[in-house]
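Worksheet for the structure shown next.
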Amino acid sequence: MKKILSAITLFIACLPAWAQVTVYESGKEGYKSFRIPGIVKLPNGTLLAFAEGRVGDANDFGDIDIVVKKSKDNGKTWGPLQVVADNKNMQAGNPAPVVDFTDPAYPQGRVFLFYNTGNNHESEVRKGNGLREAWYVASGDGDTWDAPVNITAMVHRPKQAPYNFKEDWRCFFNTPGHAMQFTTGKYKGRIYVATNHSAGDPQPRFMEYRAGGYYSDDHGKTFQISEDLSFPGGNEAMAAELGNDKLMLNVRNQQKNVKARIVAISSDGRSWDTAYYDHQLPDPVCQGSLITLGFRKGKAILAFSNNADTVNRDNLTLRISKDEGKTWTQKFQIDSTGARNNSAYSDIIALRKREIGILYEKHNYSRIIFTTRKYKK
């Protein structure tokens, strides 16, 4: 028996760095489906992998909780499932975690999980028949979580009572994946959550949708809204820090007229200097993930993951840019089979030196798995 165990241990140790580890599997642990992955790393190295736990089926609306699992060995194994946010028999979704490293009241770091609740399907909320709200829960250790905080009045503009905003925002979504925090410059400590919302009556090709975001400069006590991105149809977005206090927004194009990512740059986190289609980043109209790995000569080194395909949710690809997204000089194919919905939503994290962790949906949304890739210096 000892020889067998030793052989198994040796086999596991020899697995390649890109071995796939199932974190969530549909039909298990009390949920028919798991979707919408998000991942962060605590200061002690512990990974937190969040997802939507969909109780009754795989639909985007219904009885949905936000769940989390922990890994203390860089994603090789994962602990038990914990529910961190729910909305009774309604929807709690779009988990957007971020770690605040700069709050003096929490020298060990504090995790924020931003999320949304909803009481009707997206198609009905677009018509004005429903309400979506914005919340967060926070934790100093990733084990125990504070009571939910409703931030709808600060970050959203719904017309429905009790809010009564004239802007008439209807659908409202956090970034699917992580939020971000500025680590350098005059905005150091700022937490930024990318968003999208619809405004007014539904329009063809989702033209009433706009991407944007909200931010906090006081560790979640108050929030401000950034300007909308001018691109009609801007949907799920992700933000990352650039050099010289700038911010990049990377956006899903829900119009479907151009199968490429929308990219926008801000100098102040509130308004947008420029926005354009990045044809280096093909996309089948799906979510993508963006992180800042570090800086070289004042320029951010970026990593980006998405389904690099204009037809299917397939060909999940990780890219590296060392010139703030002007070019993407390294490319790694993470998962590709040629099948529809082989890979879908993903979130990425800087794991260790020149190593990136990828948490993503696999095989027609049946699993959420974790894998890694190393990139060149």
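A short reminder: the numbers here are calculations on the coordinates, not readings from a lab. Quantities reported herein were computed from a predicted structural model and do not represent experimental measurements. FYI the Cβ positions are ideal-geometry reconstructions off the backbone, even for glycines, and counts take in every protein chain you see.
Amide H contacts of Ile151 (H built 1.01 Å from N, in plane; Pro and chain starts excluded): Ala134, Trp135, Tyr136 sit under 5 Å, all sequence-distant by 5 or more or on other chains. Here the stretch 197-316 is treated with +1 on each Lys and Arg Cβ and -1 on each Asp and Glu Cβ, and its dipole about the Cα centre works out to around 340 debye. Extension gain for Thr184 to Val21 (0.36 nm times residue separation, less C-alpha to C-alpha distance): 55.3 nm.
Over 26 Å apart at the Cα level, from the set Lys76/Lys353; Lys186/Lys374; Lys259/Lys322; Lys259/Lys362; Lys159/Lys186, are Lys186/Lys374; Lys159/Lys186.
Checking every one of the trypsin sites (Lys or Arg not before Pro) in the stretch 36-139 against DSSP loop status and a limit of 11 other Cβ atoms within 10 Å picks out Lys88. Under the convention that each Lys and Arg Cβ holds +1 and each Asp and Glu Cβ holds -1, the size of the dipole of the chain around its Cα centre is about 1480 debye. Under the simplified labelling scheme, the Ala105-Asp323 pair shows an inter-label distance of 4.5 nm, with each label point 7 Å from Cα along Cα→Cβ. The stretch 314-336 and the stretch 165-182 have Cα centres lying 26 Å from one another. Comparing mean-square fluctuations of Asp57, Asp273, Asp245 from a GNM of the chain with C-alpha springs under 10 Å, the top value falls on Asp273. When both the stretch 65-143 and the stretch 192-228 are represented by their alpha-carbon centers, they are found 18 Å apart.
For the peptides 347-359, 89-101, 137-149, 171-183, the ranking by mean Cβ contacts within 10 Å, running from highest to lowest, is 171-183, 89-101, 347-359, 137-149.
For the chain, the mean residue ellipticity at 222 nm estimated from helices alone is -1500 deg cm²/dmol, where every DSSP H run of n ≥ 4 contributes -39500 (n - 2.57) and the total is divided by all residues, rounded to the nearest 500. The length gained by stretching the chain between Lys374 and Arg354 to full extension, at 0.36 nm per residue less their Cα-Cα distance, is 6.6 nm.
Once both labels are positioned 7 Å from their Cα atoms along Cα-to-Cβ, the gap between Asn44 and Ser267 label points is 4.4 nm.
For the pair Asn244 and Val311, the difference between a 0.36 nm per residue extended length and the Cα-Cα distance amounts to 20.5 nm. Run the Debye formula on the Cα coordinates of the chain, all scatterers equal and no solvent, and tell me log10 I(q)/I(0) at q = 0.14 1/Å. Ignoring solvent entirely, the Cα scatterers give -1.22.
Each of Gln108, Thr22, Ser267 was scored by the projection of its Cα onto the charge dipole of the chain, and the greatest displacement toward the positive side belongs to Thr22; charges sit on the C-beta of Lys, Arg, Asp and Glu. Note on Ala260 and Ala147: their simple-model spin labels are 5.0 nm apart, each label 7 Å out from Cα toward Cβ.
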